[in-house]
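The values are calculated or read from the model by the stated rules, or taken from the named source; none is laboratory data. Small disclaimer: the values here were computed from a predicted structure and weren't measured. Heads up, the Cβs are rebuilt from the backbone with ideal geometry, glycines too, and the neighbour counts pull from every protein chain shown.
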Amino acid sequence: MSDTTAAENTQEPRLITETGIDRRIADIIEPVLVPMGYQLVRVRLSSQNGATLQIMAERLDGTMTVEDCEAISTAISPVLDVEDPVDREYHLEVSSPGIDRPMVRKSDFSRWSGHLIKFETSVLVDNRKRFRGKIVSADDEGFTIERDQPAAGEEPRVVIPFTALAEGRLILTDDLIRDALTADKKAKAAQAANENFEDEDSPIN
C-alpha cells in the first residue's frame, strides 16, 4: 500500500465542518493535505489585518512543527492561487490547533478524556445548548461530561450525541498543558524512532 493510500484510509472525518467560503477553501486544500500525512482541523477566513486565512492542521499523531506549517503553506499556496476562492488580498496563516484546541473529530474526545471542555449544541440537550465540564467518556455515538458547575436540579453528568455538537474546544488548564506536552513528546519520539528504522532498513547504494 502506498503512503498516499494509507494516509487516505486512516483519515477520520470531521464532525464539525465549515460553511460558505470557508467550506470552499477546505474542499480545495484537504485533498492536498491528506496525501502529505496531515489532517485538516479548521479553516477560517477573518478580517484580521485586512484579511487572514487561518488553516489549522496536524499530523495524524497530533504533532505539528514549524517545518510542518511551512510545508503545508508551500503546498497549498499554488492551489489556492489557481482556484482563487478569495476575492481580495489575504495573509495565509498555517498553524497547529494549539493546546486549547477545537474538538472536531470523535477521536479528540477519547484522546482528551479527563479534561475540561466548553461547547455548544445545535439543539437543546437537557434543556440547554451551552455546556462546560470534564469529558468522562466517549464512544462512537457521543460523549459524556461531568459539569463543573451544575445548576440546581441538573444532573451532574450529561450525554451529548455527536450529531448535536455545533462547536467545542478544550479549556486551558495546568493539567491540560502537562498532558499535551507529554503526548507531544511521546509522539515526536515515536516519529523519530520510525524514521531511524526506515533509514536503517533502506538499501545501501
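Condition check: in contact with a Leu (Cβ under 9 Å, 6 or more places away or on another chain), at pLDDT 95 or above and among the hydrophobic types (A, V, I, L, M, F, W, C). Does Ala7 satisfy that?
Working: in contact with a Leu (Cβ under 9 Å, 6 or more places away or on another chain): yes; at pLDDT 95 or above: no; among the hydrophobic types (A, V, I, L, M, F, W, C): yes.
Criteria not met by Ala7.
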Can you name the number of the only condition in (1) under 19 Å from the mean Cα position of the chain (by Cα); (2) surrounded by 13 or more Cβ atoms within 10 Å (Cβ to Cβ); (3) free of Cβ contacts under 8 Å to residues at least 12 places away in the same chain that Asp179 fails? (3)
The lone condition Gly62 fails out of (1) buried (at least 16 other Cβ atoms within 10 Å of the Cβ); (2) modelled with pLDDT of 95 or more; (3) of a type outside the set (A, V, I, L, M) is (2)
Based on what the data block shows, is Ala75 in contact with a Lys or Arg (Cβ under 9 Å, 6 or more places away or on another chain) and among the small types (Gly, Ala, Ser)? no
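For Tyr90, indicate whether it is without any contact (Cβ under 8 Å) to a residue 60 or more places away in the chain, out of contact with any Lys or Arg (no Cβ under 8 Å at 6 or more places or on another chain) and over 30 Å from Val159 (Cα atoms). Full working, then the answer.
Working: without any contact (Cβ under 8 Å) to a residue 60 or more places away in the chain: yes; out of contact with any Lys or Arg (no Cβ under 8 Å at 6 or more places or on another chain): yes; over 30 Å from Val159 (Cα atoms): yes.
Considered against the rule, which asks whether it is without any contact (Cβ under 8 Å) to a residue 60 or more places away in the chain, out of contact with any Lys or Arg (no Cβ under 8 Å at 6 or more places or on another chain) and over 30 Å from Val159 (Cα atoms), Tyr90 comes out as yes.
So how many residues does region 137-149 have that are within 20 Å of the chain's Cα centre (by Cα) and either surrounded by fewer than 17 Cβ atoms within 10 Å (Cβ to Cβ) or in contact (Cβ under 8 Å) with a residue 24 or more places away in the chain (or both)? Please lay out each step first, then the result.
Here is the first cut: in region 137-149, the ones within 20 Å of the chain's Cα centre (by Cα) are 137-145.
Going one step further and asking which of them are either surrounded by fewer than 17 Cβ atoms within 10 Å (Cβ to Cβ) or in contact (Cβ under 8 Å) with a residue 24 or more places away in the chain (or both), we end up with 137-141, 143, 145.
Number of matching residues: 7.
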Need the failing condition index for Glu167 against (1) in contact with a Pro (Cβ under 8 Å, 6 or more places away or on another chain); (2) free of Cβ contacts under 8 Å to residues at least 12 places away in the same chain; (3) within 26 Å of Asp27 (Cα to Cα), just the number. (2)
Can you tell me how many residues within region 152-205 are in contact with a Leu (Cβ under 7 Å, 6 or more places away or on another chain) and either of a type in the set (A, V, I, L, M, F, W, C) or modelled with pLDDT under 95 (or both)? 5
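Tell me, which residue of region 150-173 that is farther than 15 Å from Trp112 by Cβ and among the β-branched types (Val, Ile, Thr) is nearest to the chain's Cα centre (by Cα)?
Going through region 150-173, the residues farther than 15 Å from Trp112 by Cβ turn out to be 150-159, 161, 163-164, 166-167.
Then drop every residue that is not among the β-branched types (Val, Ile, Thr), which leaves 158-159, 163.
Working: Val158: 24, Val159: 22, Thr163: 17 Å.
The extreme case among them is Thr163.
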Test: Leu40 is closer than 25 Å to Glu141 by Cβ and part of a strand (DSSP E or B): yes
Take the conditions modelled with pLDDT under 95 and either outside any helix (DSSP H, G or I) or over 17 Å from the mean Cα position of the chain (by Cα) (or both) and apply them to Pro97. Does it pass? no
Mind checking which residues of region 111-131 are under 23 Å from Met64 (Cβ atoms) and surrounded by 14 or more Cβ atoms within 10 Å (Cβ to Cβ)? Arg111, Trp112, Ser113, His115, Leu116, Ile117, Lys118, Phe119
